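Any read-out appearing in this document is the output of simple, stated calculations on the displayed coordinates, not a laboratory observation. Predicted, not measured: the structure shown is a model, and the values here were computed from it. When we count neighbours, we look across all protein chains shown, and the Cβ atoms used for this are built from the backbone with ideal geometry, even at glycine.
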Amino acid sequence: MSSQEISKIFVIGATGAQGLPVVGALVADRKYSVRALSRDATSRRAKALLALGNVSILEGSFADEAVLREGFRGCDGAFINIDGFNTGEKTEIYWAIRCYEIAIEEGIRFFVYGNLDYALKKAGYDSRFRAGHYDGKGRIGEWILSQNLANRDRMGAAVFTTGPYMEMAISAMTPMTPSVEDGILTWRVPLGDGAVPHVALEDCGYYARWVPCNTPSACASIVCCVDRLKSQSKADLTDNTCSIAAVRRF
Ligand SMILES: NC(=O)c1ccc[n+]([C@@H]2O[C@H](COP(=O)([O-])OP(=O)(O)OC[C@H]3O[C@@H](n4cnc5c(N)ncnc54)[C@H](OP(=O)(O)O)[C@@H]3O)[C@@H](O)[C@H]2O)c1
């Protein structure tokens, strides 16, 4: 897929933590323009996107076929991050499939799907490790890659797999927010000796921009990961600047 073929990109999730750096990177040099979906065109984040230039806001929900059709129509690229926390696993799967189908119907040339690992499958189908917001995306990521073998002449597709945002380890009110316990900066993480691939939000922007220009095949899987962080690593990172770091596992 040549980047010359893509000029206008429909983005779902544009006002989100991941979408903001993605849209910022896409319009940074005015090579692309973005049509960003938001349920509230007057929100602070929607206004921040508009202020970047080369961005328009389409108001509506991704759970609405007419809105999806309007969003894809007239665009040639798409970056789709369906908020599974908002929809729940079953609904996310349905609307992700409809996004892919309507994108083809409306003539999108390159479709990027914001994905997460298919955790259940990677855990050997052991339901103790089921995570709805991971599996809802991971199943569709695999479905898109196989579907697109048949559709590759009409639309290129890339599955963009990330993991927890590294920024959450130093942000308030996230599952990874540390606390000070007995004078010790403490992350309580259910990792044991395992490791989780994390992503930096800024990198999402870089790769969302990179993928349509550089993907050699019409059916690609891109994995974006800063590092496979073990719980001790968070303490190690902090230890450079702070002597009160520790991680407690459970
Ligand atoms: N947290 C993590 O570490 C992480 C890492 C990788 C992937 N993810 C996945 O990313 C997704 C969430 O994106 P985010 O992290 O950017 O979250 P976020 O900051 O909460 O943003 C949610 C985004 O989804 C949009 N949205 C929600 N419901 C919508 C609807 N019905 N119609 C249209 N837009 C809707 C919101 O737009 P408006 O509010 O403007 O309508 C906003 O742009 C989830 O599926 C999550 O599993 C999360």
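Some observations on this one:
- Percent RCO, i.e. relative contact order, over the range 1-78, from Cα pairs under 8 Å lying at least 6 residues apart: 36 percent
- Fully extending the segment from residue 85 to residue 123 would add 11.5 nm, taking 0.36 nm per residue of separation and subtracting the current Cα-Cα distance.
- Checked against a 31 Å cut-off, the cross-linked pairs 31/137; 47/121; 47/122; 31/122; 8/47 give Cα-Cα distances beyond that limit for 47/121; 47/122; 31/122.
- Residues 109, 45, 209 arranged by fewest to most Cβ contacts within 10 Å: 45, 109, 209
- Here the spin labels are modelled as points 7 Å beyond Cα on the Cα-Cβ line, and at residue 181 and residue 31 they lie 4.6 nm apart.
- Nearest-0.05 FRET efficiency for residue 154 and residue 66, computed from C-beta distance (R0 25 Å): 0.70
- Amide H partners (placed H, <5 Å) of residue 15, local residues excluded: none
- Efficiency of FRET between residue 101 and residue 170 - r from beta-carbon atoms, R0 30 angstrom, step 0.05: 0.15
- Computed helical MRE - 222 nm, the chain, DSSP H runs ≥ 4 contributing -39500 (n - 2.57), nearest 500: -11000 deg cm²/dmol
- Least to most buried among 50, 145, 68 (fewest other Cβ within 10 Å first): 50, 145, 68
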